[in-house]
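What follows is a short report on a single structure.
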Amino acid sequence: QVQLVESGGGLVQAGGSLRLSCAASGRSYAMGWFRQAPGKEREFVAAISRSGGSTRYADSVKGRFTISRDNAKNTVYLQMNSLLPEDTAVYYCAADRAMLLTVVPTTMNEYDYWGQGTQVTVSS
């Protein structure tokens, strides 16, 4: 069973920054970040291909968030800058077991494994 371990969440003021990390066991996967705010559905945030050469972002985070990966550590990162109160949510890391190097999945049903989530709270 693949394990995804997230870290880096916390409380930050609006305009601040946080960096989330997600370490995966086993081989490399296409990876994504999703988030779920109270009373709302889980939504796509960002994703990166197995090779790291392709990325996708939700419109709401473009220009503020950056997804990256270190394949030597089998870890994916989400650098979040210029945080807004509406970014407050539980952030989930996910992995897609497909073998293609350039695929960048953006929907929940494309992912096979999920982390436990990490809380991000942005105060106004």
Requested in this report: Enumerate the amide H contacts of LEU84 below 5 Å, restricted to partners 5 or more residues apart or on another chain; note that Pro and chain-start residues carry no placed amide H.
Outcome: GLY15
**Report entry** Carbon and sulfur %, accessible surface of region 1-114 computed with the full protein complex present, 1.4 Å
**Finding:** 48 percent
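Find me the longest stretch of the chain that has none of the exposed trypsin sites (Lys or Arg not before Pro), where exposed means in a DSSP loop (not H, G, I, E or B) with at most 11 other Cβ atoms within 10 Å. Before the final figure, lay out the partial values.
On the way: sites that count: LYS40, LYS62, LYS73.
My reading of the result: 74-124 is the longest stretch.
Could you work out the relative contact order of region 1-117? I mean the mean sequence separation of Cα pairs under 8 Å and 6+ apart, divided by the number of residues, in percent. Each step should come with its number before you reach the end.
Numbers: 272 pairs, mean separation 39.8, N = 117.
That works out to 34 percent.
With every protein chain present, what is the per residue accessible area of the chain (1.4 Å probe, Å²)? Don't skip to the end; give the middle numbers.
Values: 6190 Å² over 124 residues.
Using a 1.4 Å probe on heavy atoms only, each residue of the chain averages 50 Å².
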Requested in this report: Using a 10 angstrom cutoff on alpha carbons, build the Gaussian network for the chain and name the most mobile of ASN109, ASN71, ASN81.
Outcome: ASN109
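For region 8-70, with only Lys/Arg (+1) and Asp/Glu (-1) charged at the beta-carbon, what is the dipole magnitude about the Cα centre, in debye rounded to 20? If you can, show how the numbers build up before the last one.
Numbers: 10 positive and 4 negative charges, 22 e Å.
Here the size comes out at about 100 debye.
The values are calculated or read from the model by the stated rules, or taken from the named source; none is laboratory data. This structure is a prediction, so every number in the text was calculated from the model and none was measured. Cβ sites come from the backbone with ideal geometry, for glycine too, and all protein chains shown count toward neighbours. Surface accessibility is based on the protein's heavy atoms, side chains included, excluding ligands, DNA and RNA. Shrake-Rupley method; radii C 1.70, N 1.55, O 1.52, S 1.80 Å.
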